[in-house]
1. Going through the cross-link list Lys7/Lys192; Lys165/Lys312; Lys7/Lys165; Lys17/Lys348; Lys270/Lys348, which pairs have a Cα-Cα distance over 30 Å in this structure?
2. What's the magnitude of the charge dipole for the chain around its Cα centre, counting Lys and Arg as +1 and Asp and Glu as -1 at the beta-carbon? Answer in Debye, nearest 20.
3. Evaluate E = 1/(1 + (r/R0)^6) for Asp6 and Glu346, where r is the Cβ-Cβ distance and R0 equals 41 Å; express this FRET efficiency to the nearest 0.05.
4. In a Gaussian network model over the chain where Cα atoms closer than 10 Å are linked, find which of Ala159, Ala47, Ala111 has the largest mean-square fluctuation.
5. Can you tell which of Thr341, Thr242, Thr170 shows the greatest fluctuation in a Gaussian network model of the chain with Cα springs below 10 Å?
6. Would you calculate the volume per residue, in Å³, of the smallest convex hull containing every Cα atom of segment 141-271?
7. Only Cα pairs under 8 Å and at least 6 apart count here; give the relative contact order of the chain as a rounded whole percent.
8. I'd like to know which of Gly129, Val119, Thr83 lies farthest towards the positive end of the charge dipole of segment 20-145, counting +1 on Cβ of Lys and Arg and -1 on Cβ of Asp and Glu.
Amino acid sequence: MKTVNDKRYWVGFNLVKGIGAVRLQALRDHFGDLALAWQAPLDDLQAAGLGPKLAQRVAQVRAGVDLDKFLAKVMAQGIEILTWDDDLYPPRLKEIDQPPPVLYVRGTITAEDSWSVAVVGTRRITAYGRQVAEEMASFLAANGVTVVSGLARGVDAIAHQSALKSGGRTIAVMGCGVDRIYPPEHALLAEKIMGSGALISDYAPGTPPDASNFPPRNRIISGFSIATVVVEAGETSGALITAQFAIDQGREVFAVPGNILAPQSKGTNKLIAQGARPMLSVRDLLDVLNLTRVTEQRFVRKVLPSDETESKLMSVLTHEPLHMDEIRNQTGLPIERVSATLVMMELKGLVRQVGGLNYVAVREDQAEYVVPVPARDKA
């Protein structure tokens, strides 16, 4: 993992409003190193593609923030910082277009979180929506699937609570700093989530929960997950934004059908009319996504040892998709052995096929990282 000092320039650019995935990559491409980019004069920043106003904004943040002190404060709060360059950066999230360059984490993320489903919906939940959200999140958690949501009132909170009650894992993606629990009445829930999952955000610690932050964070909810389930949603619900992100990311979208006269079901019914899968049974979700293999994968990973062939394949596989033919070329192994071994490795949860005979690794050294949970929130 990168040291704290290696990450300070990532954090520095993360503090500059207007520097996202595209511009950060442009800076890396131009300077070859974020340290050089951070120290560059305004003219060089503009030559790298930043406009005059944005380059000036970088200079202002650079002059006003002591990165060493900022990072020391972050680490003192038990907050882990992950960047694209970290092996522990969630691989499924890294597959989306323009993944967040920096993630702040309180709690734990494990390899098992690769099997995640987002459960989202309205804050103004009905009794019907509450029942569905409870049953769905409980069933997913009991079957080893991590429940992802946004810690908001209504469906989100119920999804988190139900996953925890079932002894499962849950991830809360926040539209503010992970040290600023919002809504405040969910402070106890957030603490429980940190014990059996994580709070994550691409907003720096200290960032307040401004309304404009929440729509963009929804791309992380959907990007972290295999699929997104919308329980209830009005016609202008933020859950519909999450569903659209999921569609854009090539992920499955499920919607719970509801009363055509209920405002909370107008959004979900519209999603179904537009092609989302109707959520008639949570078992349908497991079957469609092949999540019934979760327990089997975990068991096989534990009982079947790696051999020399697996070691060779793992030596060339990364989180970047690699075609089977290229794997054969780089390892020098017969294509038949490569194909058969990849099938077994996928069953063991060591690799994942991402389409078109392209594979990515899920390495054992990425199985888990733990971030200390502070005794009390310092928001």
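1. Correct reply: Lys165/Lys312; Lys7/Lys165; Lys17/Lys348; Lys270/Lys348.
2. The dipole magnitude comes to about 1000 debye.
3. The computed FRET efficiency comes out at 0.80.
4. Ala47
5. Comparing Thr341, Thr242, Thr170 in the GNM, the peak value goes to Thr341.
6. Roughly 104 Å³ of hull volume per residue.
7. So the answer I get is 16 percent.
8. Most positive-ward Cα: Gly129.
Values in this text are rule-based calculations from the coordinates and carry no lab data. It should be emphasised that the depicted structure is a prediction, and the values quoted were computed from it without experimental measurement. Every residue, glycine among them, receives a Cβ derived from its backbone with ideal geometry; neighbour counts consider all protein chains shown.
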